[in-house]
Amino acid sequence: VQLQASGGGLVQAGGSLRLSCAASGRTFSSYVMGWFRQAPGKEREFVAGISATGISTSYAESVKGRFTISRDNAKNTVYLQMNNLKSEDTAVYYCATPRSIYAVASNRRSYDYWGQGTLVTVSS
């Protein structure tokens, strides 16, 4: 399974970015997808997750109402729309997917395959 994240960059506080993660190597539409982030000096944390069908989503409290996860199973791609960005959102963002778990999980140990990360920098 290969995951390729993109879309990061430098944005001012209050701005928006959309991250994308293209997946290959297995049937994308059968698996949960998640986004995590890791800020300098901090542990990697859950941001958002989406079920295989896209019907069920889950968010960290810190991003609820600002971030939206979605997926296009025809394009094998998951997205993270980030609005009203804050300086504390600065981090490397990773997409991930589990080997066999079919419910959205927030525990990073539930995810087996990881993308390379894309850097989001929010200037205040």
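Residues with beta-carbon under 15 Å from that of P40, excluding P40: net charge, scoring Lys, Arg +1 and Asp, Glu -1?
That works out to -1.
Among G41, N84, C21, which residue has its Cα positioned farthest towards the positive end of the charge dipole of the chain, with +1 placed on the Cβ of Lys and Arg, -1 on the Cβ of Asp and Glu, and the dipole taken about the Cα centre?
C21
Give the average over all directions of the projected area of the C-alpha convex hull of the range 1-89, one decimal, in nm².
One quarter of the hull surface, i.e. the mean projection, equals 5.9 nm².
About the Cα centre of the chain, how large is the charge dipole given +1 on each Lys and Arg Cβ and -1 on each Asp and Glu Cβ? Please answer in debye to the nearest 20.
Its charge dipole is roughly 140 debye.
Tell me the Kirkwood hydrodynamic radius of the range 49-121 in angstroms, computed as one over the mean inverse distance between distinct C-alpha pairs.
13.3 Å
T27: net charge of surrounding residues, Cβ under 14 Å, Lys/Arg +1, Asp/Glu -1, itself excluded? Could the numbers behind the result be given before it?
Values: positive: R26, R71, K75, R99; negative: none.
Cβ neighbours under 14 Å give a net charge of +4.
Rolling a 1.4 angstrom probe over the protein heavy atoms, how many square angstrom per residue are accessible across the chain?
Accessible surface, normalised per residue, equals 50 Å².
I'd like the trypsin sites (Lys or Arg not before Pro) in the range 3-53 restricted to DSSP loop residues with at most 14 other Cβ atoms within 10 Å, sorted by number.
The qualifying sites are R26, K42.
Can you send over the carbon and sulfur percentage of the accessible area for the range 1-108, probe radius 1.4 Å, protein chains only?
Answer for the range 1-108: carbon and sulfur cover 46 percent of the accessible area.
Roughly speaking, what is the centre-to-centre gap between the range 79-107 and the range 43-66 when only Cα atoms are used, to the nearest Å?
6 Å
So what's the net charge close to G117: Lys and Arg +1, Asp and Glu -1, counting the other residues with Cβ under 10 Å from its Cβ?
Charge balance near G117 sits at +2.
The values are calculated or read from the model by the stated rules, or taken from the named source; none is laboratory data. The structure displayed is predicted, hence computed values, not measured ones. Please note: Cβ atoms are built from the backbone with ideal geometry, for glycine as well, and neighbour counts cover all protein chains shown. We work out accessible area using only protein heavy atoms, side chains counted, and drop any ligands, DNA or RNA first. Shrake-Rupley method; radii C 1.70, N 1.55, O 1.52, S 1.80 Å.
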